[in-house]
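As structure tokens, the structure follows; a few thoughts come after it.
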Amino acid sequence: MALLQISEPGQSTAPHQHRLAVGIDLGTTNSLVATVRSGLADTLPDATGRHLLPSVVRYRDGADVIVGEAALAAAADDPLNTIASVKRLMGRGVDDVKTLGGVLPYDFAPGDGGMPRICTAAGLVSPVEVSAEILRTLKQRAEAALGGELSGAVITVPAYFDDSQRQATKDAGRLAGLTVLRLLNEPTAAAVAYGLDKKAEGVFAIYDLGGGTFDISILRLNRGVFEVLATAGDSALGGDDMDYAIAGWMLGQAGVDVATDLRAARRALRDARTAKHVLSESAEAAVQVVRADGTVWEGRLGCEQFAAIVDPIIERTVAPCKRALRDAGISASDIAEVVLVGGSTRMPRVRHRAELVFGRTPLADIDPDRVVAIGAAIQADILAGNKASDEMLLLDVIPLSLGIEIMGGMVEKVIVRNSTIPIAKAQDFTTFKDGQTAMAIHVVQGERELVSDCRSLARFELRGIPPMVAGAGRIRVTFQVDADGLLGVSAQEQTSGVESSVVVKPSYGLSDDEIERMLRDSIAYAQEDSVARDLREQQTEADRVLAAVENAVAADGATLLSAPEREEIDRALARLRSLRANANAAQIRDGIAVLDQATAEFAARRMNVGISKALSGHRLDEFS
Ligand code: ADP
Ligand code: MG
């Protein structure tokens, strides 16, 4: 399995040999570089004293590439050659980019199904190349400040970046001439910056609202190691959206049509951002729009209007927070600390909303712009071998989800990918048929919904299950992955205690390329898979219901049903059989509902006469 290296680069270096290592926050909007000097981590400024490097790259015909502030300043005048928010394009396919095209006003070269390329005055450039320009600029800044060549860098990524996005980030690092020691999750970096890893234990929420992404992560610290309990967020939500909304309001007030006056729109966007920053400190901001004909609209943006524009955007951070808490299996009151990250958390309205969600005042002592880079620098310092090895944060993860096959050829994931190891997880499954005495357990690995699209790892059988009504048997399947990546799976019937197990090597024969391909496929087919899964689920449910009703009618139909009742049930059965063979998931679901309705009274009667094989009450969720 693709475990992260246990022996880190530079680990064996003698301690007196200090290596120059940096942490880089490669942001959607701004990027920073930080390092540890004399035991203190801080961000490095450029020659003019600025720490934040706008993540903007401008390409020119026959001239050098410009990165940062100067490129940002030219964005309004040269929008097509000035690439901003390139992080949103990292690791994305041409098709994803089409949807982003409305937001990012670049000319994309007609795709060949691969990486998107942007047409600029200097030719076609890929998102990886654009990011590499930003990284190269930060590398030069660091080398000038530190007076030597860098031995390595830790680059941060959003916690829920998928594998192709991570790979693209790594490629950009290599292209910039950096040795990428590790990609580090942004929330983990923020937690490290606050020294939360020095605490004994605790559960922390990292609320990161930047320019282009919102990330909420629930981390648990356990004996010096951070475990990501849950992450949620929105990869297309951030301060940019507020800028667009404010600019939209301004242009509306000025009566400017965005489609016909792109230049005014670009300028309004910059002014909108400035106004937003002003409103983090003041109650009102002056705004203006310069129209194509040179005339100017001037106005004021007050608190109330501002709230009306940005609150709906801020509100979109709440549902992911709740989802993350739910996924982590905790409530807000279990959170020991809330850490604010990202420039947008400077906004009082954002702070207030975060405080409301978690019911506690968030930590915000460290500049929310710099906190991620600082944490990355601390980690880089350790990985470069400048610290004792017992201070290392080592998180080994499962590269692909592990699960078992359930009815209908579908996969039920038991341990999801990126879970840290060692890990053990148990899940209960039920018997499917009346009197079932054996269960075949098929262990698979992969991200797809259907078994046929995943990799088969092992099969074994659990025998000796006492005969029971369908759905009554409880089989607990336990997956355990040890520190060496060995997977053990055991199955135990809960009433009788009969047990069976197998040991497998989860990634046996799986190369990094294959892992990569499987992940890409899982992303590409996610939509298709969920439709297929829904259909399979409904077909499986239909089979179960049909069999159960047929058995019940055969057993008790003669004594418990009147002739008209019997006819109605037969009609519903016939309809469901035909839908099962030909229809889509929604239609089958409807067929099941109609049959359920037709048999409700019959089921109640059967129960009343003390027949334990109750027809109702078995729902699909018993299988998960
Ligand atoms: P990213 O991680 O996406 O690069 P940052 O953490 O650098 O983003 O945050 C950039 C966002 O923060 C921008 O949308 C910017 O407008 C916003 N921002 C920065 N300072 C302030 C402020 N004082 N008030 C409101 N928003 C701010
Ligand atoms: Mg950020």
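Taking amide H atoms as placed 1.01 Å from N in the peptide plane, list the residues 5 or more away in sequence, or in a different chain, whose amide H sits under 5 Å from that of Gly233.
The answer is Ile216.
Could you tell me which of the pairs Lys139/Lys170; Lys322/Lys425; Lys139/Lys198; Lys199/Lys387 are separated by over 25 angstrom between their Cα atoms in the structure shown? Intermediate values should be presented prior to the final figure.
Values: Lys139/Lys170 14 Å; Lys322/Lys425 23 Å; Lys139/Lys198 29 Å; Lys199/Lys387 19 Å.
Check vs 25 Å cut-off fails for Lys139/Lys198.
Please work out how much length the chain gains when fully extended from Ala286 to Ala63, using 0.36 nm per residue of separation minus the C-alpha to C-alpha distance, in nm with one decimal.
Gain on stretching Ala286 to Ala63: 76.6 nm.
To the nearest 0.05, what FRET efficiency results for Ala308 and Asp367 with a Förster distance of 30 Å applied to their C-beta separation?
Values: r = 29 Å, r/R0 = 0.96.
Efficiency, from the Cβ-Cβ distance: 0.55.
Would you mind calculating the gained length between His352 and Leu124 on full extension (0.36 nm times residue separation, minus the Cα-Cα distance), in nm to one decimal? List each step's numbers first, then the result.
Numbers: separation 228, 0.36 × 228 = 82.08 nm, distance 4.37 nm.
That works out to 77.7 nm of additional length.
Give a residue-ordered list of calculated ³J(HN,Hα) values for the range 312-317 (Karplus: 6.51 cos²θ - 1.76 cosθ + 1.60, θ = phi - 60°; whole Hz; x for Gly, Pro).
x, 6, 4, 4, 5, 7
Under the rule a/c < 1.5 gives rounded, and otherwise a/b versus b/c splits prolate from oblate, where does the range 239-313 land using the Cα gyration tensor? Write out the running numbers ahead of the final one.
On the way: a/c = 2.03, a/b = 1.60, b/c = 1.27.
Here the range 239-313 falls in the prolate category.
Using the Kirkwood radius over C-alpha pairs as Rh, can you work out the diffusion coefficient of the range 220-366 via Stokes-Einstein at 37 °C, viscosity 0.692 mPa s, in µm² per second? It would help to have the intermediate numbers written out before the result.
On the way: Rh = 17.2 Å.
Calculated translational D: 191 µm²/s.
Taking the Cα-to-Cβ direction at Asp590 and at Val318 and moving 7 Å from each Cα, how far apart do the two end points lie in nm?
According to this spin-label approximation, the distance is 3.5 nm.
With θ set to phi - 60° and the Karplus curve 6.51 cos²θ - 1.76 cosθ + 1.60, what are the ³J(HN,Hα) couplings of the range 33-43 in order, to the nearest whole Hz, using x for Gly and Pro?
Running phi through 6.51 cos²θ - 1.76 cosθ + 1.60 with θ = phi - 60° gives 10, 9, 8, 9, 10, 6, x, 10, 9, 8, 7 Hz.
Name the long-range amide H neighbours of Thr120: under 5 Å, sequence gap of 5 or more, or other chain; modelled H, no Pro or chain starts.
Amide H to amide H, under 5 Å and 5 or more residues apart or across chains, Thr120 pairs with Val125.
Any chance you could look up the accessible area of Glu405 with a 1.4 Å probe, heavy atoms only, rounded to 10 Å²?
Accessible area, nearest 10 Å²: 70 Å².
May I ask you to evaluate 6.51 cos²θ - 1.76 cosθ + 1.60, the Karplus curve with θ = phi - 60°, for each residue of the range 496-502 and list the ³J(HN,Hα) values in order in whole Hz, giving x for glycine and proline?
Running phi through 6.51 cos²θ - 1.76 cosθ + 1.60 with θ = phi - 60° gives 8, x, 4, 9, 7, 8, 8 Hz.
Which of the trypsin sites (Lys or Arg not before Pro) across the range 166-271 are loop residues per DSSP, with 16 or fewer other Cβ within 10 Å?
On the way: sites: Arg166, Lys170, Arg174, Arg182, Lys198, Lys199, Arg220, Arg223, Arg263, Arg266, Arg267, Arg270; in loops: Lys199, Arg223.
Hits after loop and neighbour filter: Lys199, Arg223.
Kirkwood hydrodynamic radius of the range 527-615 from all distinct Cα pairs, in Å?
On the way: mean 1/r = 0.0740 Å⁻¹.
Result for the range 527-615 stands at 13.5 Å.
The values are calculated or read from the model by the stated rules, or taken from the named source; none is laboratory data. Small disclaimer: the values here were computed from a predicted structure and weren't measured. Cβ coordinates were reconstructed from backbone atoms using ideal geometry, including for glycine residues, and neighbour counts include every protein chain displayed. The area values use the complete protein model at the heavy-atom level, side chains included, leaving out ligands, DNA and RNA. Shrake-Rupley method; radii C 1.70, N 1.55, O 1.52, S 1.80 Å.
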